[in-house]
Amino acid sequence: MQKSRASRLVLFSVVALSGLLFDLWTKHWIFETLGRPGEKSVWWIVPKIFGFQTSLNQGALFGVGQGQIPLFVTLSFVALAGICWWIWTDVTRSRYLSFTLGLITAGILGNLWDRCALHDMTWSSLDVEIWNCSPEMIGKPIHAVRDWILVMIGDYPWPNFNIADSCLVCGAILIGIYALITPPPKPEKLAQESLDPEQAASDSDR
């Protein structure tokens, strides 16, 4: 039984770590290739539909809450604490949830890395000009999420995003699907789980 629980924890860890590393690697690679925002034009993969373009986002999804870095860092740690609690108390009963929460964790950590300026980027004179910041910012760490995936919807450019954002959105969709298709546990099943949690965990794997 412990082996079954351990395998789901391993699944969660592998998904979270793989997603984080892939996110950080792609950010580093595309910013090394295309430079900072404003340095080069869009690298089109499918002309006028899909391409790569570097940008910096000091807000959340869709650029909401620009400049509220401390708030988003705090919310990220709160979310991570909630996921850790969920894993410890319940998620090891479901491979589906282990995978899904691994995706969400990868997304949170990937963007948290940027918001805490754990990369090697600092403000340059070009950045200050684009962002209309004080020249005193030059040389200081950039607390902003690195986005680079550009998708056009007709003539409208969808806000740039990254692999971490994709992990968060896919994870949220999977959580929603799980909530819709999973019936609430019956009272007698809850009573059985409280008496024999290992047997209940085994049944959920079938």
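Each of Thr100, Trp113, Ile138 was placed along the dipole of segment 26-179 (beta-carbon charges, centred on the mean Cα), and the one lying farthest toward the positive end is Thr100. The string of couplings for segment 94-106 from the Karplus curve (6.51, -1.76, 1.60, θ = phi - 60°) is 9, 5, 4, 5, 4, 5, 5, 5, x, 4, 5, 5, 4 Hz, one whole number per residue in order, with x for Gly and Pro. Accessible area ranking (1.4 Å probe, heavy atoms, ligands and nucleic acids excluded), largest first, for Leu11, Leu80, Leu97, Leu21: Leu21, Leu11, Leu80, Leu97. Here the peptides 141-147, 54-60, 24-30 are ranked by packing, the mean other Cβ count within 10 Å, and the order with the highest first is 141-147, 54-60, 24-30. Amide H to amide H distances under 5 Å link Ser94 with no residue, where only residues 5 or more positions off or on other chains count and H is placed in the peptide plane. Less than 5 angstrom separates the built amide H of Ala117 from those of Ala144, all sequence-distant by 5 or more or on a different chain.
For Thr54, nonlocal amide neighbours, meaning residues 5 or more places apart or on other chains whose placed amide H falls under 5 Å from its own, do not occur.
The values are calculated or read from the model by the stated rules, or taken from the named source; none is laboratory data. Fair warning: this is a prediction, and the values are worked out from it, not measured in the lab. Glycine also receives a Cβ, built like all others from the backbone with ideal geometry; neighbour counts cover every protein chain displayed. Just the protein is used for accessible areas: all its heavy atoms, side chains included, with ligands, DNA and RNA removed. Shrake-Rupley method; radii C 1.70, N 1.55, O 1.52, S 1.80 Å.
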